[in-house]
Structure formats: C-alpha cells, structure tokens
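Asker: I am attaching a structure below and will ask some questions about it afterwards.
The values are calculated or read from the model by the stated rules, or taken from the named source; none is laboratory data. Quick caveat, the model's predicted, so the values are computed rather than measured. Note that each Cβ is placed from the backbone with ideal geometry, even for glycine, and that neighbours are counted across all protein chains shown.
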Amino acid sequence: MKEKILKELKSRAGQYISGEEISNGLKVSRTAVWKYINQLKNMGYVIESQTNKGYRLVTSPDSLMPQEIKENLHTNFIGQHIQFLEEVDSTNLYAKRLAENSFEDGTVIIAEEQLKGKGRMGRDWVSPKGKGIWMTLMLKPKISPADAAKITLLAACAVCRSIEEIGGVYPKIKWPNDIVLNGKKLCGILTEMSVELDEINYLIVGIGVNVNLEPEDLPKQILDIATSIQIEKGSSIIRKELAAAIMNNFESYYSTFISKGSIKDYINEYKEKSAILGKEVRVTSSSLELQGTVADISEEGQLLLRLEDGSIREIISGEVSVRSLKGYIS
C-alpha cells in the first residue's frame, strides 16, 4: 500500500492531494492513509500536510521502493514484479522460499538491508541498510542445467555495464562472479537453482553491489580486499538508477542468450572486462589446487589455465576459488 500511495503523490508532481481522495481511490480508511504516509516519512520522504489541502510530496530519498526503480525501468519482464523488503535474512533465501510456490518469471526481490547476506561457498556478505543494492532475480529458463553457469557470466557483464553507465567508473570481472574495482571486490553474484532430472525448476541470480558504503561500513579484516563505488569514486550515486540499469541490461543479455542458446554475443565483452586474463593465478577447491596463467576464457565460459608444463587445463565454474598470486587480485 505504501507504494500505491507514493504513486498517487508522485502523480501530482508536487501538488497537494487530499487524504479523502487517496482513501477513496485506494479503498482504505483515512487513518490507514495517515499511517502509511508516516511510514513513508520515516523512510526519508519529505511530505507536507495541510488542513483542507491534504498531502504533498516535496523530496524523495534514495529509496529502492518499486515505484522509484520503475521510473527508470525499460524491461518487458525483468523487474515488472518487484518485492521490496526493508529488511531480510538474504534476498536469495527469500527467493528460494518464494519459489516453493508459483512466481512470475523475472520477479525481483530487493532489500534495503540483509541480515545474513551470503556469497559463494557460504561466505558472509556485509549488507548495511541503505548503502548498497541487495537483490535477487528469479528466472524460469528453458535451458540445460549445464548451461546455468553462463547466466552468471552475462549477469557480470550487465552489472559492469550498468556501473559504467550510472557510476562513471570502470570495473573488471574476476571470473566467474566477482566485480572488482582498483583490485578490490565491489560486487558479488551468486547463482543458484533447483533442478529435477534435466530440467531447471527455477534459477535465481543474487547480486550484491557495494554502492555507497564508506570505509567504516566494512569490517576491518576485509578493507584490503573490498570496496564500494563511493569509496573509489569519491562521491555517492543514486542507487535506484543503478538498480534499474542492472535490470535493463540483464534482460538484454539474458534475452539474447535464451533466444540463441549461446554466449558468443557477449563473451568478447566479458573477456575485455576480465581482471585476470593473461595473469598468473592460483585455482583452488576442496579437491584441486593449480597454479598457472589465464590463457583465455572459452566460448562456453570456462577458464583456460596454462600450466607450467605448457598444457591447458579447462576450469569449470563452480566450487573453485581464483586468486592472484599476490593476493585477492592484482
């Protein structure tokens, strides 16, 4: 209901609208309208009220409410249904719970704060209130489960392009799912799915972007490997614009992939944005530890690692960790 009332206020372009008109239009009581107006005020919306005139929206905060995001959204299905949460354990966990029932393809879960944000391999992800973009895209792709990892790569391209467009900075991709800026982690992408036989029931893409975090928002133990757009740029950006841009760009890449069944259209862009191509890295997992030079990224999205003996080892995205020999990434 808050979103509907906000839509009514925005539709008047700063003019007053009476509580009675809102009440009648939305079929709620005047008391309910007053309650939701106060909730919007508590979120940072400046709303004036005058007897016999009603309510007038003066200014809006950097909110991720659906009505704010949709002002900049130009998609056919991604983000056409947005579930906004002020607080959640994690958007991926929420999406999994939602997926147990039916959901619209392209549904987006977005939160102001995550209390138990997670990255790959169960790592914690710091998600302070009002400082980042913590969201999950919910999909029903008609593809083989073996091709699901390619969606992580196209999501990385979409996020990079969006940060360039809105943030004015130029991040790189650390294969397969991290976005880095000046050698530090800026964004993580966590793709998970439910599979039955050879069919994907649903696939979710969790995207966490450190947008306006300041150094004090990050735990001291990760200050040398994590950053935010604001820290690197020296100024904040508008989160709702970046969130909409990510959805717009993701739909473009994703639709092309689904229609063609291939990532050839964007693999060159992915390689151009690679933070590790041509560099010496260490690849580790529970059963693997290799050291070599990243020779290429294949058209199927695998990392091609040249070992010391000159042979090429194909690394499949999954439970592996890639690190520069000098640290997180160089």
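Asker: Out of the residues in segment 246-268 that are buried (at least 18 other Cβ atoms within 10 Å of the Cβ), of a type outside the set (Phe, Trp, Tyr) and at pLDDT below 95, state the one that is nearest to Gln80 (Cα to Cα).
Answerer: Within segment 246-268, the match that is nearest to Gln80 (Cα to Cα) is Ile263.
Asker: In addition: Just to be sure I understand the filter: pairs with C-beta atoms under 6 Å, separated by 6 or more residues or on different chains, first member in segment 296-310 and within 10 Å of Ile263 (Cα to Cα), second member of a type in the set (Lys, Arg). Which pairs pass?
Answerer: Close Cβ pairs (under 6 Å, with a partner that is of a type in the set (Lys, Arg)) amount to Glu299/Lys264; Gly301/Lys150.
Asker: Now, a different point. So for segment 152-163 (the condition being touching a helix residue (DSSP H, G or I) at 6+ places or on another chain (Cβ under 9 Å), assigned by TED's automatic domain parsing to the domain that holds Met193 and part of a loop (DSSP other than H, G, I, E, B)), does at least one residue qualify? Don't jump to the end; show me each part of the working.
Answerer: At the first step, the residues of segment 152-163 found to be touching a helix residue (DSSP H, G or I) at 6+ places or on another chain (Cβ under 9 Å) are 153-163.
If we keep only those that are assigned by TED's automatic domain parsing to the domain that holds Met193 as well, we get 153-163.
Narrowing the set further to residues that are part of a loop (DSSP other than H, G, I, E, B) leaves none.
The answer is no; no qualifying residue exists.
Here's the yes/no breakdown for (1) over 26 Å from the mean Cα position of the chain (by Cα); (2) at pLDDT below 90:
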residue: Lys271; (1), (2): no, no
residue: Ser286; (1), (2): yes, yes
residue: Ser317; (1), (2): no, yes
residue: Val322; (1), (2): no, yes
residue: Gly327; (1), (2): no, yes
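Asker: Take the residues in segment 160-204 that are of a type in the set (Lys, Arg) and modelled with pLDDT under 95; name whichever of them is surrounded by the fewest Cβ atoms within 10 Å (Cβ to Cβ).
Answerer: Residues of segment 160-204 of a type in the set (Lys, Arg): 161, 172, 174, 184-185.
With modelled with pLDDT under 95 added as a condition, the list becomes 174, 184-185.
On the way: Lys174: 23, Lys184: 20, Lys185: 22.
Going through the qualifying residues, I end up with Lys184.
Asker: Right, here's the next one. Between residues in segment 16-35 that are assigned to a helix (DSSP H, G or I) and residues that are modelled with pLDDT of 90 or more and aromatic (Phe, Trp, Tyr), which pairs lie under 7 Å by C-beta distance while being six or more apart or on different chains?
Answerer: Gly19/Trp34; Gly19/Tyr55
Asker: Could you grab me the full set of residues in segment 194-213 that are assigned to a loop (DSSP other than H, G, I, E, B) and in contact with a Lys or Arg (Cβ under 8 Å, 6 or more places away or on another chain)? Walk me through it before giving the result.
Answerer: Of all residues in segment 194-213, those assigned to a loop (DSSP other than H, G, I, E, B) come to 197-198, 211-213.
Residues satisfying the conditions are Val211, Asn212, Leu213.
Asker: From the list Gln39, Gln80, exactly one residue is in contact with a Leu (Cβ under 9 Å, 6 or more places away or on another chain) and surrounded by 13 or more Cβ atoms within 10 Å (Cβ to Cβ). Which is it?
Answerer: Values: Gln39 fails: in contact with a Leu (Cβ under 9 Å, 6 or more places away or on another chain).
One residue alone meets the criteria, Gln80.
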